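Reading through the structure tokens given below for one structure.
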Ligand code: AMP
Ligand code: MN
Ligand code: MN
Ligand code: MN
């Protein structure tokens, strides 16, 4: 177990809302100095076999990954799963159910945008979806940039697609309990993704962490591309307070859209237990001598 390992355990490919293939991500991660990698597509594990094969081919240690959308106290919370058996039937079925409502939601989002005069968004967004079963707000954002309505995807999420703005459609995702159960029963470890991004009160956040742990969750992202340095300090303390292992991941989506490059993150604070210390026997070691052991 190495707390300073360059682990990047959160990123997205064309299988969800990233712009690179699993193979391109593996090569990019390797060239950026990543030693342990996980591809964590939203609500989809269809890229796992490709990611694992590509990781092995370029000498990267690999953990299976997924980022599951959950509804908790009327907000969307993301739960990352790491080190599960990607062939687990209950996990695959749960994820398929979670993805199920996306097409209908996308149509409603497009209808709402049409009401403010922005037409053709469903078809436009679909062109960007590498996986038509996983049409997401990110694909809408790319279309709104392409049409010149916004200058970048950050502007899109400031003006559209978020609560109270045109194109936002409230959606009921998986239950927290189910997401944690799918991951843990498939042999994996559940992690609360980017906790600073939620708009919970202190009491609500306490409920999230307490219920998550009650269901068998064991980790929290501390160092992520979605956190400022101050937020990482805050959630390092939270990890210690709740006895959770800490994860590290860029949340990389695209070379042109992402602010954080693969692997380009501070190391985890030394007093924390890294999630990879609990996942030693779940890591697929690259067959090359050049790879660094976790
Ligand atoms: P969805 O699962 O369809 O609700 O889409 C969520 C995705 O949209 C996230 O995974 C991010 O990639 C992107 N996203 C959501 N909110 C923002 C935001 N405020 N800024 C940038 N990207 C965002
Ligand atoms: Mn995303
Ligand atoms: Mn997320
Ligand atoms: Mn993500």
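Values quoted throughout were computed directly from the atomic coordinates according to the rules given, and no laboratory measurement underlies them. Not measured: the values here are computed from a predicted model. Reconstructed Cβ throughout: ideal geometry from the backbone, glycine too, with neighbour counts over all protein chains shown.
Side notes on the structure shown:
- Over the chain, DSSP H runs of length four or greater, each weighted -39,500 (n - 2.57), average out per residue to a 222 nm ellipticity of -11000 deg cm²/dmol.
- Distance distribution P(r), the stretch 102-159, all Cα-Cα pairs, bin width 10 angstrom from 0: 27, 60, 13 percent.
- Principal axis box of the chain, alpha-carbon based, largest edge first, Å: 55, 44, 38
- FRET efficiency for residue 154 and residue 177, using Cβ-Cβ distance with R0 set to 41 Å, rounded to 0.05: 0.80
- For peptides 243-253, 193-203, 136-146, sequence by mean Cβ density within 10 Å, most packed first: 243-253, 136-146, 193-203
- Spin-label pair residue 97/residue 210, simplified geometry with 7 Å Cα→Cβ offset, distance in nm: 2.6
- Nearest-0.05 FRET efficiency for residue 74 and residue 237, computed from C-beta distance (R0 25 Å): 0.45
- 11 Å cut-off, amide nitrogen to a point 7 angstrom out along residue 90 Cα→Cβ, residues in the stretch 184-212: 184-187
- Given R0 = 45 Å, the distance between the Cβ atoms of residue 168 and residue 2 translates into a calculated FRET efficiency of 0.60.
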